[in-house]
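Quick one: the structure is below, questions incoming.
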Amino acid sequence: MRRMLLAFSALLVASGFAVTASAELLNGAGATFPAPLYSKWSYEYAKQTKLKLNYQSIGSGGGIKQVMAGTVDFGASDAPLGAKELKEADLVQFPMAIGGVVPVVNVKGIAAGQMKLTGEVLADIYLGKIANWNDKKIADLNPGLALPNDKITVVHRSDGSGTTWIFTNYLSKVSPEWQKKAGFGTAVNWPAGVGGKGNEGVATYVKRIKNTIGYVEYAYAVQNKLNHAKLNNKSGAFVDPSMESFMSAAESADWKGTPGFGVILTNQAGKGAWPIAGATFILVPESPKECAKAKDVLKFFDWAYNNGAAMAKALDYVPIPKNVSDLMEQSWSKDIKCNSQPVWGK
């Protein structure tokens, strides 16, 4: 059932609901990470309100560019913008869901969760320093696992991506060499590998090509039945990606004390924390030109905060806690103004 729902959601995203432009259409673009969730929310919201949403799953980099250019009503990014960037771009940022980025492998005979990796070993694979699956560093972590003497094909994103931002932010925290040679961002100069467009593209490469490793948002790993690797976290425990491990990573987040609410959830402390967790964010103009449409955008996300938790969980996302969403809506009333008047107010 979940597979069918995700496939249907992806179809809705790709088709943009096949509607013509009208006053009853909102346009958004950006991260592929939350695309199945936004599509499901949009579908349910349209049934209730007749207000449709066209969401283009083009990657976080594209979403940021389009909302800055004013060609969409909102942008979506898994890479939070800093306070300075938000101010310069006249944007307001708020989180909509929490998920995880997972390393996925296609190695014959190795099932989901069987392979263990550390952050340092994962970084060395992406640096091209570890080239074969039976390399001693991998073998030492996996005694008894039949590792082939085959070359590792590394798969990464080819487009500007918030998923990449989360993944490389993690690698930069656990590997000084990665930080020095590649750093982190929505796009980096990859030392090794081949690129796939979107989470969909990376998932397809890993699924079809033997001896590959890639990274995708958790829902895409589930949808495509990809085999994830266990990772050791900051506390030294090897953990699997799950709703519980994502929530564990988010438990200590300081939303109120973080400028622009841009909380970073990678490499968090906690025995059960998944080390590559992250929030996904919405970006809207601080001073929108179309007052009614700006309010419609906020109404949709208000509805999602208050009615979308079960749908988020069904698609393997962690919903934003009520105390955090209340904080976000307070910021809407204060920070988003059209013609000098607050846009938001129930």
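Considering ALA79, ALA29, which residue is surrounded by 18 or more Cβ atoms within 10 Å (Cβ to Cβ), part of a strand (DSSP E or B), in the same structural domain as ALA309 (by TED's automatic domain parsing) and in contact with a helix residue (DSSP H, G or I) (Cβ under 8 Å, 6 or more places away or on another chain)? Please lay out each step first, then the result.
On the way: ALA79 fails: part of a strand (DSSP E or B).
Residue meeting the stated conditions: ALA29.
Right, something else. When you look at ALA182, is it at pLDDT below 95 and touching a helix residue (DSSP H, G or I) at 6+ places or on another chain (Cβ under 7 Å), yes or no?
Working: at pLDDT below 95: no; touching a helix residue (DSSP H, G or I) at 6+ places or on another chain (Cβ under 7 Å): yes.
So ALA182 does not fit the description; no.
Further, regarding this structure: With a cut-off of at least 2 residues that are of a type outside the set (Gly, Ala, Ser), surrounded by fewer than 19 Cβ atoms within 10 Å (Cβ to Cβ) and over 23 Å from the mean Cα position of the chain (by Cα), name the helices (runs of 4 or more DSSP H) lying wholly within the stretch 113-208.
Details: elements: 119-127, 136-141, 162-174, 176-181, 198-208.
Because the criterion is at least 2 residues that are of a type outside the set (Gly, Ala, Ser), surrounded by fewer than 19 Cβ atoms within 10 Å (Cβ to Cβ) and over 23 Å from the mean Cα position of the chain (by Cα), the helices (runs of 4 or more DSSP H) in the stretch 113-208 that meet it are 136-141, 176-181.
Right, something else. For the stretch 266-286, enumerate the residues that are buried (at least 24 other Cβ atoms within 10 Å of the Cβ), touching a residue at least 60 places away in the same chain (Cβ under 8 Å) and part of a loop (DSSP other than H, G, I, E, B).
Result: TRP274, PRO275.
Scanning for something at pLDDT below 95 and outside the structural domain of PRO95 (by TED's automatic domain parsing), does the stretch 205-217 turn up at least one residue?
So in the stretch 205-217, the residues at pLDDT below 95 come out as 217.
Narrowing further to those that are outside the structural domain of PRO95 (by TED's automatic domain parsing): 217.
Yes, the conditions are met somewhere in the stretch 205-217.
Test of understanding: among ILE264, ILE282, which residue is farther than 27 Å from GLU120 by Cβ, outside the structural domain of GLY236 (by TED's automatic domain parsing) and within 18 Å of the chain's Cα centre (by Cα)? Reasoning before the result, please.
Working: ILE264 fails: farther than 27 Å from GLU120 by Cβ.
When all the criteria are applied, what remains is ILE282.
Next question, about the same structure. Right, LEU86: crowded, with 18+ Cβ neighbours inside 10 Å, in the same structural domain as GLN66 (by TED's automatic domain parsing) and part of a helix (DSSP H, G or I) or not? Walk me through it before giving the result.
Numbers: crowded, with 18+ Cβ neighbours inside 10 Å: yes; in the same structural domain as GLN66 (by TED's automatic domain parsing): yes; part of a helix (DSSP H, G or I): yes.
Here the answer is yes, as LEU86 does meet what is asked.
Out of curiosity, is VAL324 part of a helix (DSSP H, G or I) and either closer than 22 Å to THR258 by Cβ or under 17 Å from the mean Cα position of the chain (by Cα) (or both)? Write out each step before concluding.
Values: part of a helix (DSSP H, G or I): yes; either closer than 22 Å to THR258 by Cβ or under 17 Å from the mean Cα position of the chain (by Cα) (or both): yes.
It is true that VAL324 is part of a helix (DSSP H, G or I) and either closer than 22 Å to THR258 by Cβ or under 17 Å from the mean Cα position of the chain (by Cα) (or both).
Only residues in the stretch 114-135 that are on the phi > 0 side of the Ramachandran plot count as the first member; pair them with residues that are part of a loop (DSSP other than H, G, I, E, B) and surrounded by fewer than 21 Cβ atoms within 10 Å (Cβ to Cβ), Cβ under 6 angstrom, at least 6 apart or cross-chain, and list the lot.
From residues that are on the phi > 0 side of the Ramachandran plot, the pairs are GLY128/PRO191; GLY128/ALA192.
Yes or no, residue by residue, for (1) at pLDDT below 95; (2) touching a Phe, Trp or Tyr at 6+ places or on another chain (Cβ under 9 Å):
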{"site": "VAL104", "(1), (2)": "no, yes"}
{"site": "ASP159", "(1), (2)": "yes, no"}
{"site": "PHE167", "(1), (2)": "no, yes"}
{"site": "VAL174", "(1), (2)": "no, no"}
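The values are calculated or read from the model by the stated rules, or taken from the named source; none is laboratory data. The model shown is predicted, which means the values in this text are computed figures rather than measured ones. All Cβ positions, even for glycine, are placed from backbone atoms using ideal geometry, and neighbour counts span all protein chains on display.
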